[in-house]
Amino acid sequence: MINKVLKKLNESVNDSHVDYGRIEKQLMQRIQQTETHGRAAQLNVPVQEPEGMFDRVENTLFQRIQEYQEYEAPVNECVSGENELPDTLWSRCENNLTDRIEAAAQLPAWQQILKTDIILPEGRFERIEGALMKRIEHEEKVQRLVHQPFWSTVLPYFSIVGRFALTSAALVLIGFGVWRGKHYYDNSRPIETLVYQQQGTTESLNAVHTQRYASRKDASLSLVNKHGFVKLQNGAALTIDKATRSRVEYAVSMTQNTGKATIFVKKRSASELFYVATPDYRIEVTGTYFQILPGHDNHPTTQVLEGTVKVHTTSGIIGVSEGQSLVYHPASASYRVEHGGRIVPRYDIESLPTIEQLKQYRKLQVNTDIPQASVRINGRYKGVTPLLILQAPGTHTIRISKEGYRTIDTSITVTVAGKPADLAVTLTRSHLARHDETPGRQSVSLPAKPPDASIESSAEHVERIDEVAALKQQAEAALKSGSWQKALEVYQELDNHPGAGRLDKEDAAFTSALVYVQHAQDPDAAREQFLTYLALYPDGFFVGESWLRLAELELDRDTDKAIEYYLKYFRKFPNHHRIAEIQHRVGLIYLQQKKHAAAISMFKEALAGMSHNRRTLRLSLYTNLQKAYRENGDTQLAQQVWEQHLANRADRK
């Protein structure tokens, strides 16, 4: 067997097809690249070797050469010799060959191929070379990562972290899918809209289960949901095409060129969409307060009172800001932005209950034998009779007033269960002329608590109430007799009386201001008294009347200041039954000042919200609107107003 092995080792091998030069070149390139880093780079660094080191290296080399010769000699001697050799020498040769074969067997396949002279099958060497190159490239990548501090720490845990990361990512994706599905479901689910108030009608209030709401002629309707509120007046209608948390689509329409829709939208994010459609265009809202009124030839007019809106028309997108209006012009058959409208600060916008609060409210109905009487609930103006409104369960103070009639102060309790609370009142004439509210003997005053903390007896309490009532009678008697100075003194005494309640003090302060106007003919004193009242009672029962009186006092002195007081009244009482009359007055002031755009806006707003049965006021408004158009140079619009609203009336005359 040994002879066969030796013979095989001595056979010449034809390796002409192997390109050893190419292999050598590629290996040298890899060696040069690896020398640029790692420990191999240290060989290129010149180092001053210690003394005697080369002697030790030389001795070590000679020792290894001697060992090699002793290892190779028996093999060479056995192969090249012709004489018979001792058995011991053959045993040595066999042992050395066995060690060499075992050492070679532990080498990778590609190293065994390089050490042998065996001819490989065609293509085998190329496959070995390719595998060798891939392993070299992989080792280079690993070496580059290992030399980075971060990867040298993280690499041992990479496989564990990778599995954990994949599991965590899968759980996160599942959780995100569940959350996204719930979020989509919540945002796409319809939201509730409730009817909060109906004015001028006594129909029942119901939660929204329909999609279209319309106010009646000379009546109003208020709707509330989580996005804000909508007030419809004089035949205006609203269709809710869609109302979810993330998207709202309303459609507003008018009836026979009448009606008004006032819309308040809370601030919204960019992902929440809110659209209001009219027959001509669509309004995109991000959070604002605006009105939609009837315009010319059934073309709507949009007035922005706070914030901004984007109006999408067939000709493009038009931006409308607070104080501006989008108006249709027949001459150009297009919409134009007009300036001069009023502005309402957000803090002055009327706040209505939230949808969550309204779910706990119950119905309250107020009626008077003479309609159109003002109603205040807990000191806040709510509308005119007949009135149907939702209120929180509990006891509420109610004040009912009408020009020329005594004011009624009373209270009513709204219960959680049972029938709706119903209040019916009969009005009686009053001797003192006021615009709205005239407290008389039927007023119920709430006595104030004494300044000290002592508990007074029932007799003392009744005595103080009698003293307050006596002072009020003295003041009224003084006014009837024409002794207005005496009346002012009594009202001052009433205001300082410890038994007088808040309503008594309010009445004394406001009536004193009226005395200065109607009897003393002292506008400066009256102005000061009204301002004092507004400072002391900013939410009092006579706030609206005080603003109107102040405006009238300023008309002859400072018209701009008068307009300012009127606008404060509009903000405080946007749905008051006298609002159209006062808007007409302000429009006339603008017309005198040649502020035609502001006058036109005020006249149109008054026409949209006024009662249909006030024909004289409606005729005056159209007449002045035509005049404003004519003086502003809009002859076509002036002619249109004449033909549609004034010509027939002129022919009848």
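The values are calculated or read from the model by the stated rules, or taken from the named source; none is laboratory data. All values derive from a computational prediction rather than experimental measurement. Please note: Cβ atoms are built from the backbone with ideal geometry, for glycine as well, and neighbour counts cover all protein chains shown. Protein only, heavy atoms only, side chains kept; ligands, DNA and RNA dropped before computing areas. Shrake-Rupley method; radii C 1.70, N 1.55, O 1.52, S 1.80 Å.
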*Could you compute the FRET efficiency for Ile370 and Ser271, with r as their C-beta to C-beta distance and R0 at 45 Å, rounded to 0.05?*
0.30
*Give Lys231/Lys260; Lys226/Lys266; Lys260/Lys561; Lys382/Lys604 a once-over and call out the pairs whose C-alpha atoms are over 18 Å from each other.*
Lys260/Lys561; Lys382/Lys604
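Mind giving me the FRET efficiency for Thr428 and Lys359? R0 is 41 Å, r the Cβ-Cβ distance, nearest 0.05 is fine. Walk me through the numbers before you get to the answer.
Values: r = 39 Å, r/R0 = 0.94.
Once the sixth-power term is evaluated, E becomes 0.60.
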*Kirkwood hydrodynamic radius of segment 504-544 from all distinct Cα pairs, in Å?*
10.0
*Using a ≥ b ≥ c from the Cα gyration tensor of segment 461-554 (square roots of the eigenvalues), is it rounded, prolate or oblate, where a/c under 1.5 gives rounded and otherwise the larger of a/b and b/c decides, a/b for prolate?*
oblate
*Distance in nm between pseudo-label sites at Ile412 and Ser246 (7 Å out along the Cβ direction from Cα)*: 4.4
*Tell me, what is the Rg over Rh of segment 575-642, with Rh the Kirkwood radius over Cα pairs?*
0.96
*Per principal axis, descending, Cα span of segment 259-412 in whole Å*: 56, 39, 25
*Carbon and sulfur atoms: what percent of the 1.4 Å accessible area of segment 543-615 do they account for?*
45
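Work out, step by step, the length gained on full extension between Arg30 and Leu555: first 0.36 nm times the residue separation, then minus their alpha carbon distance; give nm to one decimal.
179.0 nm
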*Alpha carbon centre of segment 489-527 versus segment 229-270: separation in Å?*
44
*Give the accessible surface of segment 525-623 per residue, rounded to a whole number of Å², with probe radius 1.4 Å and ligands, DNA and RNA excluded.*
38
*Along Cα→Cβ, 7 Å out, is where each label goes; now give me the distance between the ones at Ala477 and Arg127 in nm to one decimal.*
13.0
*Probe 1.4 Å, accessible area per residue of segment 476-521, Å²*: 42
*asked:* Please give the Cα centre distance for segment 373-410 versus segment 286-309, rounded to the nearest Å.
replied: 30
_Rounded percent of accessible protein surface that carbon and sulfur make up, segment 206-339, 1.4 Å probe_ = 47
*Can you tell me the accessible area per residue over segment 256-362, all protein chains present, probe 1.4 angstrom, in square angstrom?*
44
*Under 5 Å between amide H atoms, partner at least 5 residues away or on a different chain: which partners does Thr193 have, H built in plane at 1.01 Å?*
Val208
*Calculate, for Arg135 and Ala170, the FRET efficiency according to 1/(1 + (r/R0)^6) with r their C-beta to C-beta distance and R0 30 Å; round to the nearest 0.05.*
0.35
_Kirkwood hydrodynamic radius of segment 532-623, Cα pairs, Å_ = 13.7
*Dipole of segment 387-430, Cα-centred, from +1 at each Lys and Arg C-beta and -1 at each Asp and Glu C-beta, to the nearest 20 debye?*
120
